[in-house]
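Q: If you scroll down you'll find the structure; I have some questions about it.
The values are calculated or read from the model by the stated rules, or taken from the named source; none is laboratory data. As the structure is a prediction and not an experimental result, all values here were calculated from the model. Cβ atoms come from the backbone with ideal geometry, glycine included; neighbour counts cover every protein chain shown. Just the protein is used for accessible areas: all its heavy atoms, side chains included, with ligands, DNA and RNA removed. Shrake-Rupley method; radii C 1.70, N 1.55, O 1.52, S 1.80 Å.
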Amino acid sequence: MTKIRSRIRERRPAIVESLREAVQPARLLLVAKTALAVGLAWWIAPHMPGVTDEYPYYAPLGALVSMYPTLMGSVRSGLQTLLGLVAGIGLATVVVLTVGPTWWTIPVVVGVGVLLSGTGWFGVGKEYVPIAALFVLIVGGQDADDYSLGYLAQMAVGVVVGLIVNVVIAPAPTTLVAAARVDAFRRQLSDHLHDIGYAITESWPPEHEQWADDAASLADTTASLRTALAEADDSRRVNPRARGRRGETQHIHEDLRRLDRIAHLIRDIADATADTIWDRPGSLGLDPELPEPLSAACHAVADAIALDDPTTADAHRLRGDAARAIRLLLERVDDRTIDVGSTMGTGVLSAMHLRRILIVSGARDESDD
């Protein structure tokens, strides 16, 4: 019981964050639109002509599968689902017209459907290939033709209703959300570099070790940001609320590329520093004359990369301070290299990486000039 409570306490922040994400305005809008689309599809379904009105329950399902946070996602999902249904119904039709549904043809057709779904041709509709084939053979039975027509037609009705609802109540592009997350990542990198600067000057081993563990999570953060940016781009496609601003995410992509390079360099510094502090295999020594200038350079560069706008006067001042701190560190490294007669060490690697971080972080400013 104690272990369970401990795990709950550890996961509580993640649980709270998940609940917070679930009640975001954009998510609540999707909830309302999904409910509306399902209701409209269920209302329209019984009025479909011919035998299709006998299968009204598939229309709400079609509306449900077509509702995505983005318009392009809805279009893609709806078309892929219908394509998967057509493929599955086609497989079942071949069986109906030949040997008929039997104890061995049904599993064979389902197996072929699963095989086709693994090709990647059907996207999110891949699961409907074997499902549609199975439903037509088992549920349709003797009325497989009517059932297939009703199944496909009602699903199409639901998909169309879902798309119409998503167009009429178009979702807002998520560009600003993605930009805010990239800005937060910039501040995270700055804080991480500050932590390294503090750790270098603490008594070893330092009391705070979280900075070393957090280094590994930087790559995961970058991956999640790429996904968020891809969703932001997707949210702009065929979206009337994003018309005329097609290139709005380009600068965010450029920022993320720079921050990704900076994250790799910071991870190298963190790994090398942690190896040295805890005397891990392959660790490089740190000259006792270098912790102070190395720490000062880490803090100065951390202040520089935290800047949202590198073109302001304050930004130029901070970047100048960082450049001076790195120059002092490099001079001390050169002096100690001559005195000690060795070029290997954490200080050398860190000095090189800090200089590269400052150059990369100022690439936006240089390109503007």
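Q: In whole Å, what three semi-axes, largest first, describe the equivalent ellipsoid of the stretch 35-176 built from its Cα gyration tensor (square root of 5 times each eigenvalue)?
A: Gyration-tensor ellipsoid for the stretch 35-176: 29, 19, 8 Å.
Q: Per-residue accessible area for R332 at 1.4 Å probe radius, Å² rounded to 10?
A: 90
Q: Any idea how far apart D321 and T337 come out in nm if each label point goes 7 Å out from Cα toward Cβ?
A: 2.8
Q: Express in nm, to one decimal, how much length is gained between L19 and D191 on full extension, taking 0.36 nm for each residue of separation and deducting their alpha carbon distance.
A: 59.3 nm
Q: Let me ask another. With every protein chain present, what accessible area does D220 have (1.4 Å probe, heavy atoms only), rounded to the nearest 10 Å²?
A: Spelled out: D220, probe radius 1.4 Å, area about 110 Å².
Q: To continue, here is another question. Label-point separation (nm) for T93 and D309, each offset 7 Å from Cα along Cα-to-Cβ?
A: According to this spin-label approximation, the distance is 6.2 nm.
Q: Summarise the accessible area of the stretch 21-143 (1.4 Å probe, protein heavy atoms) by the percent that is carbon and sulfur.
A: Summing carbon and sulfur atoms, their accessible area is 74 percent of the total for the stretch 21-143.
Q: Ranked highest first by the average count of other Cβ atoms within 10 Å around their residues, in what order do 91-103, 163-175, 72-84 fall?
A: Highest mean packing first, the order is 72-84, 163-175, 91-103.
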